[in-house]
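The values are calculated or read from the model by the stated rules, or taken from the named source; none is laboratory data. Treat the numbers as computed from the prediction; the structure is a model and nothing was measured. Cβ atoms come from the backbone with ideal geometry, glycine included; neighbour counts cover every protein chain shown.
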2 protein chains.
Amino acid sequence: MNIVIIGAGNVGYHLAIALQAKGYNLVQVYSRSQATLAPLIAALPNIATTTQLSQLATADVYLIAVKDDSIETVANQIIVPPNSIVAHTSGTVLVDVLQKHTHYGIFYPLQTMRQNQTVDWQQVPFCIHANTLQTQQILFGIAQTLSPKVYLLNDHQRQMLHLTAVMVNNFANHLFVMAHQILSNNQLPFDLLKPLILETAQKVQTQTPESVQTGPAVRHDTQTIERHLQLLQTYPDSYTQLYQLFTKMIVNY
Amino acid sequence: MNIVIIGAGNVGYHLAIALQAKGYNLVQVYSRSQATLAPLIAALPNIATTTQLSQLATADVYLIAVKDDSIETVANQIIVPPNSIVAHTSGTVLVDVLQKHTHYGIFYPLQTMRQNQTVDWQQVPFCIHANTLQTQQILFGIAQTLSPKVYLLNDHQRQMLHLTAVMVNNFANHLFVMAHQILSNNQLPFDLLKPLILETAQKVQTQTPESVQTGPAVRHDTQTIERHLQLLQTYPDSYTQLYQLFTKMIVNY
């Protein structure tokens, strides 16, 4: 199967390397800028690249891995063979932005990726959706060669999943940032929290998060909650707001 | 060294088993109720127990592992030999509540413990503090036989650490609860998020949380943020408030 990847950012970069490694014929990678292509060329020296959308190679599948707000523009600009599939890799953009094409769908890997880090594809869930049965089967098949965790999700499900991914990744990480800052202010190393952070994530791998909730809020330990709010008084108001909001939500749950 | 543990809840239970396994002479475990002692007696059939504080055995070290708001009462009630050490295991209670005694301190293991789960003590940081050098050395030494991660923290540092532990454990877990609920409402399995949750925790083991922060807020991706807020409209207001608060904090950071 011949594949063209459009976009050489984090997702395009890692998909290109992974698909090539799995034996797909990666005929071309597009990026608007030569600079963005450089790391990929360093990783795959024989890869064909272009910076012109008008010069896309012929392929069976075109994977659009550009920024969310460029997907629609790119999709409308490209001209592909009538039997080819066009899919994008975004968690939030609706599938209909690809409707100019005959065969289109979603090929969304749910993981934060950075170019300087390897991706453990076995652990990456793929979310697939398509406008025809055959397109869905083909996209599903490609995903399955990369990961055992492949799911069929409609637009709304994928958007809700992306929202929850922001919560458990971005928001949880910001809690770590806040904790890091508080510890630093008190001459304490972040190392102190690392085992607890890992254990918190490990627990919900085999148990529901509801069943492992602990802490002063769930115990209705008003004394500790009041003490914590006092300790936060020298920090920005948002710290107190966040503490109170979480406490209220955990108590109400 | 002879040790008495006062309290057979989660911390007392696990400390008793671990200290016994490390060769300490665990002369007695106290709990207010026989029922609380039952799991420990099942785990350590030869253990001496009592439900009467007035019948505490003689020991070198008394570890108070009762609920936070009972520590002061228990500490004032017990009578121990003048050379013995009294320490409590709480993350928030001040060390001074033990000042009736000659040698006293803190022996705080930073981890959430549950009786039905084994504790990997090698990964548990211990926070030690004491009113005399020798007491500190003895408590430090006991902790060190259980874990390589032993720290000396004063009251304020320990309280701040406990506060951050609530953030990265209890609050992060509540994010998982919210995500679980949203996924369930959309007929999606929580399994989808498990790899991301684990990866989020693993990343900050070797990198600072600041350096791995990703997501729409850090990218100032207003379009995605607005879409997420729309998706949350059918959920309680607190979901929206939390999303907005985190977004504001990440943007401002």
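Scanning region B:79-93 for residues that are in contact with a helix residue (DSSP H, G or I) (Cβ under 9 Å, 6 or more places away or on another chain) and surrounded by fewer than 18 Cβ atoms within 10 Å (Cβ to Cβ) gives a single hit, B:I79. Do the conditions hold for B:V150, that is, is it surrounded by fewer than 16 Cβ atoms within 10 Å (Cβ to Cβ), touching a residue at least 12 places away in the same chain (Cβ under 8 Å) and more than 7 Å from chain A (Cβ to nearest Cβ)? The answer is no for B:V150. You will find that of B:I17, B:I64, B:I78, the residue that is assigned by TED's automatic domain parsing to the domain that holds B:A130 and over 24 Å from A:Q223 (Cα atoms) is B:I17 and no other. Among the residues that make up region B:74-87, is at least one of them more than 9 Å from chain A (Cβ to nearest Cβ) and closer than 29 Å to A:L198 by Cβ? Within region B:74-87, one or more residues are more than 9 Å from chain A (Cβ to nearest Cβ) and closer than 29 Å to A:L198 by Cβ. If the condition is being closer than 13 Å to B:H162 by Cβ and among the small types (G, A, S), then region A:205-234 contributes only A:G215. Quick one: is B:Q20 surrounded by 17 or more Cβ atoms within 10 Å (Cβ to Cβ) and out of contact with any Phe, Trp or Tyr (no Cβ under 9 Å at 6 or more places or on another chain)? Judged against the criteria, B:Q20 is a match. In this structure, B:L152 does satisfy being modelled with pLDDT of 95 or more and either in contact with a His (Cβ under 9 Å, 6 or more places away or on another chain) or under 24 Å from A:T240 (Cα atoms) (or both). Only a single item in (1) part of a helix (DSSP H, G or I); (2) closer than 21 Å to B:Y104 by Cα; (3) in contact with a strand residue (DSSP E or B) (Cβ under 9 Å, 6 or more places away or on another chain) is not met by B:S54, and it is number (3). The residues of region A:95-118 that are surrounded by fewer than 22 Cβ atoms within 10 Å (Cβ to Cβ) and either touching a residue at least 24 places away in the same chain (Cβ under 8 Å) or over 23 Å from A:I17 (Cα atoms) (or both), listed by number, are A:V95, A:D96, A:V97, A:Q99, A:K100, A:H101, A:T102, A:T112, A:M113, A:R114, A:Q115.
Taken as a whole, the condition of being within 29 Å of A:P148 (Cβ to Cβ) and small (G, A, S) applies to A:A87. Among the residues making up region A:172-186, those that are under 11 Å from B:L161 (Cβ atoms) and not β-branched (V, I, T) are A:A179, A:L183, A:N186. Residue by residue through region B:124-160, note down the ones that are within 19 Å of the chain's Cα centre (by Cα) and part of a loop (DSSP other than H, G, I, E, B). Within region B:124-160, B:V124, B:P125, B:S147, B:P148, B:K149, B:L153, B:N154 meet the criteria. The set of residues in region A:21-51 that are of a type in the set (G, A, S) and in a loop (DSSP other than H, G, I, E, B) comprises A:G23, A:S31, A:S33, A:A48.
The selection criterion, being out of contact with any strand residue (DSSP E or B) (no Cβ under 7 Å at 6 or more places or on another chain), modelled with pLDDT of 95 or more and either in the same structural domain as A:H101 (by TED's automatic domain parsing) or among the polar types (S, T, N, Q) (or both), does not hold for A:Q123. Flag set for A:A201, criterion: more than 18 Å from B:R219 (Cα to Cα) and out of contact with any strand residue (DSSP E or B) (no Cβ under 9 Å at 6 or more places or on another chain). Can we say A:L139 is out of contact with any Cys (no Cβ under 9 Å at 6 or more places or on another chain), more than 7 Å from every other protein chain (Cβ to nearest Cβ) and not hydroxyl-bearing (S, T, Y)? Criteria met by A:L139.
In this structure, B:I138 does satisfy being of a type in the set (A, V, I, L, M) and out of contact with any helix residue (DSSP H, G or I) (no Cβ under 9 Å at 6 or more places or on another chain).
So is A:Q181 in contact (Cβ under 8 Å) with a residue 60 or more places away in the chain and not acidic (D, E) or not? So A:Q181 fails the test.
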